[in-house]
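Below you'll find the structure, written out as structure tokens, and then a few comments.
The values are calculated or read from the model by the stated rules, or taken from the named source; none is laboratory data. Please read these numbers as outputs of a predicted model, since none were measured by experiment. Every residue, glycine as well, gets a Cβ built from its backbone with ideal geometry; the counts of neighbours run over all protein chains shown. For the accessible areas, the whole protein counts, side chains as well, though only heavy atoms, and no ligand, DNA or RNA atoms are used. Shrake-Rupley method; radii C 1.70, N 1.55, O 1.52, S 1.80 Å.
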Amino acid sequence: MAFKNLNSVLVVAAAVVLGVKAVDNGLAITPQMGWDNWNALGCDVSEELLQQTARLIVDYGLKDVGYHYVILDDCWSVGRNASNNSSLVADPVKFPNGMAAVADDMHALGLGFGMYSDAGKYTCGGYAGSLGYETVDANTWASWGVDYLKYDNCYNEGYAGNQQISSARYRTMGNALNATGRPILYSLCNWGEDYPWNWGSTIANSWRISGDVYDSWDLYDARCPCEGPNAFNCELPGFHCSITNIMNKASFIVSKAQPGAWNDLDMLEVGNGAMTDAEYVAHFSMWAAAKSPLIMGNDIRVIQPKDLAILSNAAVIAVNQDPSGSSAARRWMYDTNNTDSNGYPARIQMWSGSLQSTTGGDYSDMVVLLINGNNAETVMNATLADIFVDSGEQGTAPQVKMSWEVRDLWANRMSEADAAAIIAGSSAAGNATNATTVVAPRFNVSSTSYAEGLASNNSILLGNVTTTVLPSGTVLATVAPHGAAMFRLRALPTAVMKRDEL
Ligand code: GAL
């Protein structure tokens, strides 16, 4: 019947229309993945850091699960060379062989090289910015072999305050990048100022939606002034924004995510040490479901096994890299009787979103994400009516009358022993042992893309079946304090139903 195909029809229609609207550089058809040094290391950058991190990304199998760009953040230059077309000059102490050599090193490992600059007079760290030098800088990066630009917003000389002014400033660099003829992924970093989700998609591949993330689940910090469930229209994006603060901001603009152009919830904090394991699991799940770029922000040289296991979870990454390219949406959020770190009611929330069908049937798979903001273990439930509300309100969606296989996407998280063995066996970490390590099979994007893996029902991507939800039923999970449960729902074949049952 016609309505049965509604989800997939909508997805196809969206892809056709959106393919025209998104920036036309052919990049980030699914959210970009990689690593950036800022969250863990700030200005402490060097050629050696990038080289060693890149080798570890390969050795630890992180490249295999999709992390591709190694992004050098702020503090890499010593200014401009007046006698060479005013081009930017890399710091010769930090980068003795120059940037082109670093790019070559990344490329030799099959990785991309990312660069940082600022649409202002200076970068946020006070180094030379690119405002007024867009063409010369884009050409310099292209000549070095740069594949990615993160473009910041400090010292913008007041060229902000409305969408036209900000978008024009960022468009200048987008045009300059495109004019180089080199495909360079363009990542806007203007912290959500002047609503980049409204204009970013025609200019760039992603745009930050908030002030800087920090390694905290829900602690309020006055330097990130927009808090609470209705925090939107932030005039001062600030920084020190908690995970739940950014999730809230994302909830209002999920529909802006589309192939080639994504809401950037900021770099991951997984592995930086200040959150619990459950909080990192929830953070990673949320960023994946909201189709944020997944840019690791930890020091890979000292990664702990449990964090490698989170970052390597291909079943969760497959949600992020789903070919249908639409973000999950928040369906509800409730106060509980408990309080959060700030003394406000702790909240539980449920997000769901459609994914490519892996059953070959008419109905999309569905991701369901239960987030427990409570400081206590909580039994959470999500009704099919709420999960499928986009296909019909108040339980009227045809999917509510079906049965669904429920697959736990965290069930096959790599064991800590396997992760420890991978770390111990890395020659790049100087740890190579001769021990034979038995590691569970892993996904590898260089032989099979996520789209292919999903189309062929690759079991690594599908999680573990936990139960079946019957018509009008409920998905149930016991969720750790500040943790998440994440499921892929797959339609079960329906018995032939009588006309009045449909
Ligand atoms: C901030 C940006 C951070 C980092 C920093 C570098 O504006 O949001 O992600 O790039 O500047 O100074």
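Brief remarks follow.
- Restricting ASP118, ASP74, ASP147, ASP137 to residues that are open to solvent by 10 Å² or more (accessible area, probe 1.4 Å) and touching a residue at least 24 places away in the same chain (Cβ under 8 Å) narrows the list to ASP147.
- Residue selected from the range 25-71 under the condition charged (D, E, K, R) and away from the ligand (no atom under 15 Å from the Cβ), by the criterion least open to solvent (accessible area, probe 1.4 Å): GLU47
- Meets criteria (in a strand (DSSP E or B) and β-branched (Val, Ile, Thr)) for ILE295: yes
- For the range 242-268, taking the residues that are within 17 Å of LEU311 (Cβ to Cβ) and in contact with a Phe, Trp or Tyr (Cβ under 7 Å, 6 or more places away or on another chain), the one that is farthest from the ligand (Cβ to nearest atom) is identified as ILE243.
- The set of residues in the range 239-283 being part of a loop (DSSP other than H, G, I, E, B), open to solvent by less than 30 Å² (accessible area, probe 1.4 Å) and free of Cβ contacts under 8 Å to residues at least 40 places away in the same chain consists of SER242 alone.
- Checked against the criterion of being buried (at least 18 other Cβ atoms within 10 Å of the Cβ), touching a Leu at 6+ places or on another chain (Cβ under 9 Å) and in contact (Cβ under 8 Å) with a residue 60 or more places away in the chain, the candidates MET286, MET350 yield just one match: MET286.
- Odd one out for LEU131, checked against (1) more than 15 Å from the ligand (Cβ to nearest atom); (2) without any contact (Cβ under 8 Å) to a residue 40 or more places away in the chain; (3) among the hydrophobic types (A, V, I, L, M, F, W, C): (1)
- Among the residues of this structure, SER326 counts as one that is open to solvent by less than 50 Å² (accessible area, probe 1.4 Å) and either in a loop (DSSP other than H, G, I, E, B) or more than 25 Å from ILE71 (Cβ to Cβ) (or both).
- Filter result (of a type outside the set (Asp, Glu) and open to solvent by less than 10 Å² (accessible area, probe 1.4 Å)) within the range 296-312: MET296, GLY297, ASN298, ILE300, LEU308, ALA309, ILE310, LEU311
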